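A short worksheet on the structure shown next.
The values are calculated or read from the model by the stated rules, or taken from the named source; none is laboratory data. As the structure is a prediction and not an experimental result, all values here were calculated from the model. Here the Cβ is made from the backbone with ideal geometry for all residues, glycine too, and neighbour counts use every protein chain on show. SASA here: full protein model, heavy atoms, side chains in, ligands and nucleic acids out. Shrake-Rupley method; radii C 1.70, N 1.55, O 1.52, S 1.80 Å.
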Amino acid sequence: SAFAVFVGYKNDYRSKKHMKVTWKQLSKAFFRALPAIFMPMIVLGGIYGGVFTPTEAGNVAVVYGFIVGFFIYKELTLKMIPKLLKQTAINTAAILFIVGAANAFGNVMAREGLPQKMAEIIISASGSKIMFLLLINILFLILGTFVEANSAAILFAPILMPVARYYEIDPVFFGVILVVNLAIGLITPPLGVNLYVAAGIINDKVNVVLNKYFIGYLSVSVSLLFLFTYVPDFTMSLFRALKGL
């Protein structure tokens, strides 16, 4: 977020009129945005509250979005539905082709026993906790460019978890490190599912998204990854506070 703000100020991404926003305008905009803000709250709250599964959450989000767009904002019309469904099908198909190929690659790795072999290399090369965490980061940053995130976690986490316990690494901390690594993998080509999502949103090619600002964002993300890795208190303080409640 800080990097995005920096780029915005550097390139003067502001209104040409440089309008000053009053508290009245700000409060009006906030209350107008509330119905849209409630969507992620309903979806995530429903999932973590056990009300519905992640798959069902997608259906809930569609129904809620239709109600809000049609009855509250009144920006959605019945004539727009066929076009929206067509565009959704195109964007979804493109992403699923990529995810499907990544899953197939993960199956090939599993059949050939590559996760076990790579884990053995890491175990033999890591003589300390610091080196083990470094190798884990390198491994998952590379995996994220070729293997779908869920597949990578399923294939490697059970193998590496006993080693993490040997080095007395907290399971929650280890999970956070894996998730951050795989989240970075969502924006690193050639797999980079989120790159294709972003390209679909702006209706342009992926190479438009891969620009100098992407390199900066990726650099910030990797820097934060190593901060999370080697400053455990930074990562675990919130968890420990919630655990103590």
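A few notes on this one:
- Residue-level accessible surface for VAL222, protein heavy atoms, 1.4 Å, Å²: 40
- Largest to smallest accessible area among TYR13, TYR196, TYR217 [probe 1.4 Å]: TYR13, TYR217, TYR196
- Dipole of the chain [Lys/Arg +1, Asp/Glu -1 at C-beta], most positive-end residue of ALA2, LEU114, VAL172: ALA2
- Pairwise centroid distance, computed over Cα atoms, of the stretch 25-44 with the stretch 45-94, Å: 16
- Exposure check, 1.4 Å probe, all protein chains in place: SER219 carries approximately 60 Å² of accessible surface.
- All alpha carbon pair distances within the stretch 1-151 were sorted into 5 Å bins beginning at 0; the resulting P(r) in whole percents reads 2, 7, 8, 9, 11, 13, 14, 13, 9, 6, 4, 3, 1.
- Within the accessible surface of the chain, defined with a 1.4 Å probe on protein heavy atoms only, the carbon and sulfur portion equals 70 percent.
- Sum of -39500 (n - 2.57) over DSSP H runs of 4+, divided by residues of the chain (222 nm, nearest 500): -25000 deg cm²/dmol
- The mean accessible area for residues of the stretch 105-245, using a 1.4 Å probe and ignoring ligands and nucleic acids, is 57 Å² per residue.
- The label point for VAL62 and the one for LEU218, both projected 7 Å from the Cα toward the Cβ, are 3.4 nm apart.
- Estimated distance in nm for a label pair at ALA157 and THR77, the labels positioned 7 Å out from Cα along Cα-to-Cβ: 4.7
- Here the Kirkwood formula, the inverse mean of 1/r across different C-alpha pairs, assigns the stretch 156-234 a hydrodynamic radius of 14.3 Å.
- Cβ-Cβ distance of ILE42 and LEU141, R₀ of 22 Å, FRET efficiency by 1/(1 + (r/R0)^6): the value works out to about 0.05.
- Nearest-10 value in Å² for the accessible area of LEU34, using the 1.4 Å probe: 40
- Angle of helix 54-67 to the longest C-alpha principal axis of the chain, folded into 0 to 90 degrees and rounded to 10: 10°.
- Measuring nothing but how far apart in sequence close Cα pairs (under 8 Å, 6+ apart) lie, relative to its length, the stretch 5-116 scores a relative contact order of 12 percent.
- The label-point distance for ALA241 and ASN91, in a model that sets each label 7 Å from Cα toward Cβ, rounds to 3.5 nm.
- Range in the chain, longest, excluding exposed GluC sites (Glu not before Pro) [loop by DSSP; at most 15 other beta-carbon atoms within 10 Å]: 76-167
- 5 Å-binned pair-distance histogram of the stretch 95-196 (Cα, whole percent): 2, 13, 24, 24, 18, 11, 5, 1, 0
- Backbone phi angles across the stretch 123-138, fed through the Karplus curve with coefficients 6.51, -1.76 and 1.60 (θ = phi - 60°), yield HN-Hα couplings of 4, 6, 8, 8, x, 8, 5, 4, 5, 4, 5, 4, 5, 4, 4, 4 Hz in residue order; Gly and Pro are listed as x.
- Cβ-placed point charges (K, R +1; D, E -1), dipole of the chain about Cα centre in debye, nearest 20: 1260
- Cα-centre dipole for the stretch 77-211 with unit charges at Cβ (Lys and Arg positive, Asp and Glu negative), debye to 20: 460
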